[in-house]
Amino acid sequence: MSVVDVVLPHEVSAVADARRRLLGYLQRARVADNVRDDAQLVLSELLSNAIRYAPPLPSGDVRAAWWLDKAGIHLEVTDGRGETEPQRISDAHPESLGGRGLAIVDVLTSAWAVRTSDRQRTVHAVVPL
């Protein structure tokens, strides 16, 4: 299948829209329900982090992309690169409101990585089929 590239507003409502679009794509591809759920959760975490912790791209938005291959469901989120790099917090306090997102991504994916340039950052993750 081909790459789906989605331009989204840099706002919280974009997360639900992206999840809905990804679900439709994965349903058409006949991906198992549990794998679809994992992929939607990973996309939600990546987009939420981009919207919460990074500025928008110079165009004022964020981008999400996804595609399937034999390795799994590839998910990418690109933002305007904030001052901090995404990193898993292994010792998030149980009562803390945040800090677990990338730990969830780490568990649900076979790999994830960050690519940066001067003006943007892309987080790429692969959810195994």
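The values are calculated or read from the model by the stated rules, or taken from the named source; none is laboratory data. This one's a predicted model, so the numbers in the text were calculated from it and none came from an experiment. These accessible areas exclude ligands, DNA and RNA; they are computed on the full protein's heavy atoms, side chains included. Shrake-Rupley method; radii C 1.70, N 1.55, O 1.52, S 1.80 Å.
Think of a 1.4 Å ball rolled over the protein heavy atoms: the chain then has 57 Å² of accessible area per residue. With the biggest extent put first, the Cα atoms of the stretch 18-57 measure 35, 16, 10 Å across the principal axes.
Which of rounded, prolate or oblate describes the chain when judged by the alpha-carbon gyration tensor and an a/c cut-off of 1.5?
oblate
Roughly to the nearest percent, how much of the accessible area of the chain is carbon and sulfur, given a 1.4 Å probe? Spell out each step's value before the answer.
Numbers: 3610 of 7300 Å².
Of all accessible area on the chain, carbon and sulfur atoms account for 49 percent.
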